[in-house]
Amino acid sequence: MTELRPFGRTGVKVSPLTLGAMNFGARANPDHEDGIRIIHRALDAGINVIDTADAYSQGESETIVGKALAGGLRDEVFLATKVHMQIGDNPNHRGNSRRWVIREVENSLRRLQTDHVDLYQIHRPDADTDFDDTLGALTDLVRQGKIRYIGTSCFPPSAIVEGQWIAQRRGRERVVSEQPPYSLLNRGIEREVLPVAQQYGLAVIPWSPLAGGWLSGRYHRGLTEPISLRAGRQPGRFDPTLPANATKLAAVEQLGALAQEAGLSLIHLALAFVLEHPAITSAIIGPRTLEHLESQLGAVKVTLSQDVLDRIDEIVPPGTVLNQADAGYQAPAITNPALRRRQAVTPAR
């Protein structure tokens with residue numbers, strides 16, 4: 001692994017690649033021993049950040065990570081997890097409420113077999129919860145020693161700024177990181193999220209740098225059937241017959257040709273591109289198998305030439321999102337028609 005990078009202004013140093021544990025557990029790879037082998041190999045390769053979430057296989061991912069770090073490895077890892085997504089059937093077992101955040105961190109600590117989490121992230125914004133209330137709960141957890149730092153994921157720039165304002169005006173702990181989606185096919189965060197993160201000194205640990213597998217080398221023009229394990233859950237992102245995904249396929253073919261010209265695998269081109277941006281701290285890779293992990297580790301040694309970066313900009317212009325389904329989060333103002341349509345008023349009689 002190459003030199004460590006500063007995690008925002010925290011003083012912590014992290015590897016340029018983060019091991020994402022989304023694919024550990026029933027959702028993708030249910031073999032716990034295999035997951036542990038992947039984690040240990042990543043640590044041996046110099047990765048010192050592991051990112052998981054309570055919702056990944058409904059807690060099973062955290063359990064696997066906890067097993068892998070037992071026996072003395074925990075203190076060598078910057079351990080991150082998340083809260084927000086639905087757990088089980090209870091409607092209150094989700095979201096960003098003080099009640100749920102404080103309860104769920106205890107469940108995560110138990111599964112992870114640790115007394116603290118280094119980075120506790122709010123997995124998505126919650127329009128039903130005052131952000132100040134959430135930050136108040138997280139501040140209490142920091143002061144109790146159960147979490148070290150606070151992060152967010154898929155927060156729009158306005159909410160990122162709001163979090164900084166609340167911390168300053170209300171005496172809350174400051175959010176120190178943001179975890180957005182970012183890849184060659186999804187460059188939307190270049191418009192505002194990354195500049196805002198730089199302005200406030202936030203670490204940025206993007207997820208899906210391989211665009212959910214689109215940049216793995218398996219996708220090609222003429223594909224008519226989804227090949228991702230997630231296709232059934234997210235057809236909008238993976239069905240190649242949809243117009244937006246057909247646009248992605250065309251871009252992938254051009255990027256694949258560019259990678260070949262540069263003497264690189266498409267995987268290495270994709271990861272090196274994400275790591276090239278000065279606002280990026282550490283890119284999250286989510287291998288399902290040991291082979292997937294090995295194919296990605298070498299990307300930290302790749303430096304892209306200005307010519308290659310210019311060619312990438314021609315294929316997918318800066319700030320472009322080829323498919324809005326890849327954006328990670330859509331605000332209720334967009335997804336809920338009732339919030340953007342005046343209801344017809346019945347005239348008084």
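For segment 41-49, the criterion of being among the acidic types (Asp, Glu) and surrounded by fewer than 19 Cβ atoms within 10 Å (Cβ to Cβ) is satisfied by at least one residue. With respect to Ser57, determine if the residue is more than 19 Å from Arg111 (Cβ to Cβ) and open to solvent by less than 30 Å² (accessible area, probe 1.4 Å). When the stated conditions are applied, Ser57 does not pass them.
Filter segment 77-101 down to residues that are touching a helix residue (DSSP H, G or I) at 6+ places or on another chain (Cβ under 7 Å) and open to solvent by 60 Å² or more (accessible area, probe 1.4 Å), then give me how many there are. Going through segment 77-101 one residue at a time, the tally reaches 3.
Here Glu291, Glu276 are screened, and the one residue that is of a type in the set (Asp, Glu), under 22 Å from Gln198 (Cβ atoms) and surrounded by fewer than 21 Cβ atoms within 10 Å (Cβ to Cβ) is Glu276. Could you please tell me which pairs satisfy a Cβ distance under 7 Å, a separation of 6+ or placement on different chains, a first residue in segment 21-34 that is closer than 14 Å to Ile50 by Cβ, and a second residue that is of a type in the set (Lys, Arg) and open to solvent by 30 Å² or more (accessible area, probe 1.4 Å)? Close Cβ pairs satisfying both conditions: Asn23/Arg288.
Any residue at all in segment 2-13 that's over 22 Å from Glu178 (Cα atoms) and at pLDDT below 95? There is at least one residue in segment 2-13 that is over 22 Å from Glu178 (Cα atoms) and at pLDDT below 95. State whether one or more residues within segment 130-142 are buried (at least 24 other Cβ atoms within 10 Å of the Cβ) and closer than 27 Å to Lys67 by Cα. Taking every residue of segment 130-142 in turn, at least one turns out to be buried (at least 24 other Cβ atoms within 10 Å of the Cβ) and closer than 27 Å to Lys67 by Cα. Looking only at segment 158-203, residues that are acidic (Asp, Glu) and open to solvent by less than 10 Å² (accessible area, probe 1.4 Å) come to 1 in all. Of all the residues in segment 27-56, those that are assigned to a loop (DSSP other than H, G, I, E, B) and of a type outside the set (Gly, Ala, Ser) number 7.
Here Asp140 clears all of (1) closer than 30 Å to Gly188 by Cα; (2) out of contact with any Phe, Trp or Tyr (no Cβ under 7 Å at 6 or more places or on another chain); (3) charged (D, E, K, R) except the condition numbered (1). For Thr152, the conditions (1) surrounded by 21 or more Cβ atoms within 10 Å (Cβ to Cβ); (2) under 21 Å from Gln58 (Cβ atoms); (3) among the polar types (S, T, N, Q) are fulfilled apart from (2).
Would you confirm whether any residue within segment 296-304 is under 30 Å from Val176 (Cβ atoms), open to solvent by 40 Å² or more (accessible area, probe 1.4 Å) and in a helix (DSSP H, G or I)? Yes, segment 296-304 contains at least one residue that is under 30 Å from Val176 (Cβ atoms), open to solvent by 40 Å² or more (accessible area, probe 1.4 Å) and in a helix (DSSP H, G or I). In segment 103-115 there is at least one residue matching the filter, namely being part of a loop (DSSP other than H, G, I, E, B) and surrounded by fewer than 18 Cβ atoms within 10 Å (Cβ to Cβ).
Yes/no matrix, rows are residues, columns are (1) small (Gly, Ala, Ser); (2) over 14 Å from the mean Cα position of the chain (by Cα); (3) farther than 22 Å from Val274 by Cα:
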residue: Gly171; (1), (2), (3): yes, yes, yes
residue: Pro181; (1), (2), (3): no, no, no
residue: Leu185; (1), (2), (3): no, yes, no
residue: Val193; (1), (2), (3): no, no, no
residue: Gln199; (1), (2), (3): no, yes, no
residue: Leu202; (1), (2), (3): no, yes, no
residue: Trp207; (1), (2), (3): no, no, no
residue: Leu210; (1), (2), (3): no, no, no
residue: Leu215; (1), (2), (3): no, yes, no
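Checked against (1) in a helix (DSSP H, G or I); (2) at pLDDT below 95; (3) closer than 18 Å to Ala211 by Cβ, Ile334 passes all but a single condition, namely (3).
Here the condition is being touching a residue at least 60 places away in the same chain (Cβ under 8 Å), part of a strand (DSSP E or B) and within 17 Å of Leu202 (Cα to Cα); of Tyr120, Tyr149, it holds for Tyr149 alone. For beta carbons closer than 8 Å, sequence separation of 6+ or different chains, a first residue in segment 168-190 that is without any contact (Cβ under 8 Å) to a residue 40 or more places away in the chain and a second that is open to solvent by less than 30 Å² (accessible area, probe 1.4 Å) and part of a loop (DSSP other than H, G, I, E, B), the qualifying pairs are Glu178/Phe155; Glu178/Leu202; Glu178/Ile205; Ile189/Pro180; Ile189/Tyr182; Ile189/Pro206. Among the candidates Pro235, Pro206, Pro243, the residue that is surrounded by fewer than 20 Cβ atoms within 10 Å (Cβ to Cβ) and in contact with a Pro (Cβ under 8 Å, 6 or more places away or on another chain) is uniquely Pro235.
The values are calculated or read from the model by the stated rules, or taken from the named source; none is laboratory data. Everything numeric here is computed off the predicted structure, so don't read it as measured data. All Cβ positions, glycine included, derive from the backbone under ideal geometry; neighbour counts span all protein chains shown. Accessible surface areas use protein heavy atoms only, side chains included; no ligands, DNA or RNA. Shrake-Rupley method; radii C 1.70, N 1.55, O 1.52, S 1.80 Å.
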